[in-house]
Amino acid sequence: MAIATHTAPAYGLVHTGRLQVIGHSRRLAGRTVRSWFRQPWIEVTNVFIPHFFLAVGIAGFGFLADRGFGVSNYLGFLVPMAVLQIVAGPSSASGFAIVSDLQRGYFDKLLLTPASRWSIIFGRVAADGLRAVLYSSIVVAVALTFGSGVVAGVGGVLVLLLMAGLFGVAYSGVGIFIALRTASAEAAQASFMLFYPLLFMAPAYVPREIFSDWLRWIATVNPVTYMMEGMREIVLGDFAASAAVEDVGGSAAAIAEAAGNGWDPERVILAFVAIVGFGALTLSASAFALKRRAG
């Protein structure tokens, strides 16, 4: 008499595996979040520095912005710069955390547990994405308090914070890759330093239309440019359109209407494309480095 056997469907196994990755990632993300409260002064520094650059930028260049390139709301113009900076700093710190785990032997112990190896990366970047949203909320709140405004409204603020969170996930991959490949704290430190060339070769303080030809070319191939311009579109609308109305002697109401009507969703879409593309590159590199180290 033949005994019937029953084989579990493959999709059930896949589903279980995904649940394990999610569960393990959540626990490791929780470990990262708890570490923030153990060193609060580091977090205070991470929040203070971008606001310092924001204040200095307004004090140093604000009076030239209107006459130089037609931006009367220079605070709003600088908000994307501050958001990207406040995200990149803490996200790059993931590299230091990974190096610390490697040096203390925690990372090797983690590889011996049933925890999914993918969760080592996913848990870390998920926490960085959360921190990016929280810190960016502070920047936006401060900017709104001092009158930056947001042309795209409440929905635009939510989209901007989503961009910030995704960028936090993407930039976290840079530090993780360097840490897993080198296990060096000095090399991990470079992950944040790499952001400054990307930031200052993008239209951080002035529009790229007034760049020199060579710098404009670099800005065109720099993904941070599109992230910054997408966020700026949400905050200011099309400031070029409003400047054109102002040049022909338009009223204040007409200038504001031109900015609002000139809000270009295409720039926002390009920003998301840049963030997703950058994240695909950095997280793929991190996954490759993890595979090499884990064996």
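Below are the figures for this structure:
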{"read-out": "Residue identified as crowded, with 18+ Cβ neighbours inside 10 Å and of a type in the set (Phe, Trp, Tyr) among 171, 196", "value": "171"}
{"read-out": "Segment 113-136, residues that are in contact (Cβ under 8 Å) with a residue 12 or more places away in the chain, of a type in the set (A, V, I, L, M, F, W, C) and open to solvent by 40 Å² or more (accessible area, probe 1.4 Å)", "value": "118, 122, 126, 130, 133"}
{"read-out": "So residue 144, is it out of contact with any strand residue (DSSP E or B) (no Cβ under 6 Å at 6 or more places or on another chain), assigned to a helix (DSSP H, G or I) and open to solvent by 50 Å² or more (accessible area, probe 1.4 Å)", "value": "yes"}
{"read-out": "Breaking point among (1) in a helix (DSSP H, G or I); (2) touching a residue at least 24 places away in the same chain (Cβ under 8 Å); (3) β-branched (Val, Ile, Thr), for residue 150", "value": "(1)"}
{"read-out": "Filter pass, residue 139 being touching a residue at least 24 places away in the same chain (Cβ under 8 Å), open to solvent by less than 30 Å² (accessible area, probe 1.4 Å) and of a type in the set (A, V, I, L, M, F, W, C)", "value": "yes"}
{"read-out": "Residue in segment 94-112 that is open to solvent by 20 Å² or more (accessible area, probe 1.4 Å) and under 20 Å from residue 81 (Cα atoms) present", "value": "no"}
{"read-out": "Filtered residues of segment 43-100 (kept if among the hydroxyl-bearing types (Ser, Thr, Tyr), over 21 Å from residue 206 (Cα atoms) and touching a Leu at 6+ places or on another chain (Cβ under 9 Å))", "value": "92"}
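One line per residue, one yes/no per condition, for (1) surrounded by 16 or more Cβ atoms within 10 Å (Cβ to Cβ); (2) hydroxyl-bearing (Ser, Thr, Tyr); (3) modelled with pLDDT of 85 or more:
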{"residue": "28", "(1), (2), (3)": "yes, no, no"}
{"residue": "31", "(1), (2), (3)": "no, no, no"}
{"residue": "35", "(1), (2), (3)": "no, yes, no"}
{"residue": "39", "(1), (2), (3)": "no, no, no"}
{"residue": "48", "(1), (2), (3)": "no, no, yes"}
{"residue": "52", "(1), (2), (3)": "no, no, yes"}
{"residue": "56", "(1), (2), (3)": "no, no, yes"}
{"residue": "59", "(1), (2), (3)": "no, no, yes"}
{"residue": "66", "(1), (2), (3)": "no, no, no"}
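The values are calculated or read from the model by the stated rules, or taken from the named source; none is laboratory data. Predicted, not measured: the structure shown is a model, and the values here were computed from it. Cβ atoms come from the backbone with ideal geometry, glycine included; neighbour counts cover every protein chain shown. With ligands, DNA and RNA removed, areas are computed over all heavy atoms of the protein, side chains included. Shrake-Rupley method; radii C 1.70, N 1.55, O 1.52, S 1.80 Å.
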